[in-house]
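Below: one structure, written as structure tokens.
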Amino acid sequence: MKKLFLTAALVSITIFQIVNGQDIDEINKLFEKYNYVNSPGVAVTVIKNGEVIHSKGYGTANLEYGIPITPSTVFHIGSVSKQFTAFAILLLESQEKLSLNDFIGTYLEDLPEFKNKIKIKHLLHHTSGLREIEMLQRIAGITTADQIGSDHLYNLIKNQKDLNFMPGNELEYTNTGYYLLAKVVEKVTGNKFSDWTSTNIFVPLGMNSTVFYDDCTVIIKNRAYPYWDFEDELIKGILSYSYAGPTSVMTTVEDMAKWLMNFSDTKVGNDEIIKRMLSETGTLNSGKPVSYGYGIGVIDYKGLKVVLHSGHDAAYRAADLYFPEYKTGIALLSNYYSINPMRSGYEIADIILKDVIEEEVVTSNKEEDTASQEHTRTFTLSPGELTEFRGNYICDELNIQYNLSVRNDTLIAKFWRNDEVILTALQPDSFEGDAYWFKNLKFVRDDNKKIRGFNLSAGRVRNLMFKRVNNE
């Protein structure tokens with residue numbers, strides 16, 4: 001009995017050293033404004049030295065039924081999903097079923113010619129040059145309210161004729177690469193990606209409430225529903241993704257704690273895989289390292305190394321952070337777009353790692369401040385000059401057509417699935433749109449100075465060609 005009592009006492013001392021009641025109180029204060037029945041909110045878990053020291057829900061998972069958020073509430077975690085896709089690739093590499101230096105055309109033979117320029121490692125580190133599928137969809141009038149199937153996306157990618165840049169030359173975040181990584185896993189294993197990851201990652205880790213949600217018609221028990229702020233009211237977010245890889249993990253903070261603890265007490269994978277996940281990043285063709293590794297960023301925060309990722313889809317928001325040197329992890333899953341989980345994650349880190357964290361010195365960059373105050377300079381074209389740009393323009397890669405017309409001395413771009421876009425002249429043949437998905441247009445002329453089309457660049461899509469088919 002004395003031995004048992006002594007053991008229990010030692011355990012109590014250990015937990016007391018890990019858990020500081022004042023720290024927990026401070027964490028609770030960060031989220032108390034969401035902790036009432038009419039507010040969406042957030043679930044939080046914190047691990048330290050291999051122990052869960054805090055796990056709690058704040059706010060409401062479903063406003064229509066008044067269901068509270070708990071640690072077992074299921075959330076869609078957006079791009080936080082990417083680390084699981086990367087982990088799947090590293091597991092297959094460790095089994096010698098693929099190499100990160102393999103060209104993706106080895107597995108995805110029906111892709112365009114660029115398949116033999118892009119390696120698996122380019123997809124992992126966002127250095128592939130692939131155009132962003134979400135922006136391509138938005139240009140085509142497709143939103144997260146539309147049901148988006150995996151086959152539809154693959155057909156869209158197969159229809160692309162060009163890349164944003166030569167693979168390996170730049171770092172440019174793109175969901176397209178992680179969608180294709182999931183396709184590679186399916187090709188190599190012969191299994192559906194969601195099934196393979198459940199069998200080989202989630203179930204062995206005891207993440208029993210976690211799945212790659214690749215069919216938006218499937219019922220998920222204990223799921224939170226997402227909400228936006230709109231004109232001083234809350235409205236529902238709509239998520240109809242039916243594909244996986246760059247996004248679509250549904251999980252809880254209870255399960256995310258198990259994932260984060262696998263970084264220090266490895267039950268799935270091996271020490272080499274974990275080491276690479278926590279420290280290794282990509283490298284450009286120039287030899288310059290990038291800050292993105294295997295589905296996760298690797299950076300310094302106030303003197304501490306941290307691996308982290310955030311995500312958002314249709315008003316869901318999520319973030320996870322892990323400090324390898326202190327075996328400390330934080331995961332935040334939210335159903336409210338106005339919450340910034342990554343910022344809150346840093347605030348929690350400041351609380352629980354205050355003894356080792358460095359104070360950050362904030363300095364103002366006067367050059368950047370000045371540059372941010374500069375306004376876009378416009379180039380004036382007369383109404384008569386604007387009429388030269390009128391007409392219908394077709395993009396073969398998206399199979400869509402925009403009409404350009406002049407109204408009230410302004411050039412307007414119209415496509416039936418999108419709102420009208422007002423185009424402002426910057427140069428004689430260069431315009432800027434007032435929509436983020438239809439931003440920069442550069443018109444192209446033939447040898448006779450006649451307009452034959454324009455190249456559209458918006459976000460992570462460059463030089464998407466629209467051919468002129470006739471005048472208005």
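The values are calculated or read from the model by the stated rules, or taken from the named source; none is laboratory data. Here the structure is a predicted model, which is why all the values come from computation and not from measurement. Glycine gets a Cβ as well: all are built from the backbone with ideal geometry, and neighbour counts include every protein chain shown.
So that you can scan it fast, the table gives a plain yes or no per residue for (1) under 25 Å from N175 (Cα atoms); (2) of a type in the set (D, E); (3) surrounded by fewer than 18 Cβ atoms within 10 Å (Cβ to Cβ):
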| site | (1), (2), (3) |
| --- | --- |
| W416 | no, no, yes |
| I422 | no, no, yes |
| Q427 | no, no, yes |
| F438 | yes, no, no |
| V444 | no, no, yes |
| N455 | yes, no, yes |
| L464 | yes, no, no |
| R468 | no, no, no |
- Kindly indicate whether any position in segment 317-338 is modelled with pLDDT of 95 or more and of a type in the set (V, I, T). yes
- Restricting attention to segment 131-175, the residues that are crowded, with 18+ Cβ neighbours inside 10 Å, assigned to a helix (DSSP H, G or I) and either of a type outside the set (A, V, I, L, M, F, W, C) or touching a strand residue (DSSP E or B) at 6+ places or on another chain (Cβ under 8 Å) (or both) number exactly 9
- Within segment 104-130, residues assigned to a helix (DSSP H, G or I) and either within 19 Å of E397 (Cα to Cα) or at pLDDT 95 or above (or both) come out as I104, G105, T106, E113, F114, K115, I120, K121, H122, L123, L124, H125
- Query: Here are G287, G295, G269, G311: which of them is assigned to a strand (DSSP E or B) and of a type outside the set (K, R)?
  - Reply: G311
- Residue match in segment 187-197 (condition: within 18 Å of I77 (Cβ to Cβ), out of contact with any Asp or Glu (no Cβ under 8 Å at 6 or more places or on another chain), assigned by TED's automatic domain parsing to the domain that holds I339 and not charged (D, E, K, R)): yes
- Task: Would you check if A349 is crowded, with 17+ Cβ neighbours inside 10 Å, assigned to a strand (DSSP E or B), among the aliphatic types (A, V, I, L, M) and at pLDDT 95 or above?
- Result: no
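Quick check on segment 71-100: of everything there that is assigned to a loop (DSSP other than H, G, I, E, B) and within 24 Å of the chain's Cα centre (by Cα), which residue is farthest from A257 (Cα to Cα)? Working first, answer last.
Quick first cut of segment 71-100, residues assigned to a loop (DSSP other than H, G, I, E, B) only: 71-73, 77, 95-100.
Narrowing the set further to residues that are within 24 Å of the chain's Cα centre (by Cα) leaves 71-73, 77, 100.
Values: P71: 10, S72: 11, T73: 14, I77: 14, L100: 28 Å.
This residue is L100.
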- Message: modelled with pLDDT under 95 and of a type outside the set (A, V, I, L, M): is that true of D232 in this structure?
- Response: yes
- Message: Can you find a residue that is surrounded by fewer than 19 Cβ atoms within 10 Å (Cβ to Cβ) and either of a type in the set (D, E, K, R) or modelled with pLDDT of 95 or more (or both) anywhere in segment 3-18?
- Response: yes
- Message: Condition first: β-branched (V, I, T), within 20 Å of K119 (Cα to Cα) and out of contact with any Lys or Arg (no Cβ under 8 Å at 6 or more places or on another chain). Now tell me which residues in segment 274-302 satisfy that.
- Response: T281, T283, V290
- Message: Condition first: out of contact with any Phe, Trp or Tyr (no Cβ under 7 Å at 6 or more places or on another chain), without any contact (Cβ under 8 Å) to a residue 60 or more places away in the chain and crowded, with 22+ Cβ neighbours inside 10 Å. Can you find one or more residues in segment 58-75 that meet it?
- Response: yes
- Can you spot a residue in segment 44-62 that is modelled with pLDDT under 95 and among the aromatic types (F, W, Y)? no
- Among the residues of segment 268-297, which ones are within 23 Å of V44 (Cβ to Cβ) and either exposed (fewer than 13 other Cβ atoms within 10 Å of the Cβ) or of a type in the set (A, V, I, L, M) (or both)? M277, L278, I296
- Message: Any residue at all in segment 244-265 that's outside any strand (DSSP E or B), more than 27 Å from T70 (Cβ to Cβ) and at pLDDT 95 or above?
- Response: yes
- May I ask you to list the residues in segment 176-208 that are in contact (Cβ under 8 Å) with a residue 24 or more places away in the chain, part of a loop (DSSP other than H, G, I, E, B) and surrounded by fewer than 20 Cβ atoms within 10 Å (Cβ to Cβ)? P204, L205, G206, N208
- Taking segment 24-47 and keeping only residues that are buried (at least 19 other Cβ atoms within 10 Å of the Cβ) and either outside any loop (DSSP other than H, G, I, E, B) or hydrophobic (A, V, I, L, M, F, W, C) (or both), one is left with I27, F31, Y34, V42, A43, V44, T45, V46, I47
- For segment 212-237, how many residues are buried (at least 21 other Cβ atoms within 10 Å of the Cβ) and either within 23 Å of D102 (Cβ to Cβ) or among the aliphatic types (A, V, I, L, M) (or both)? 2
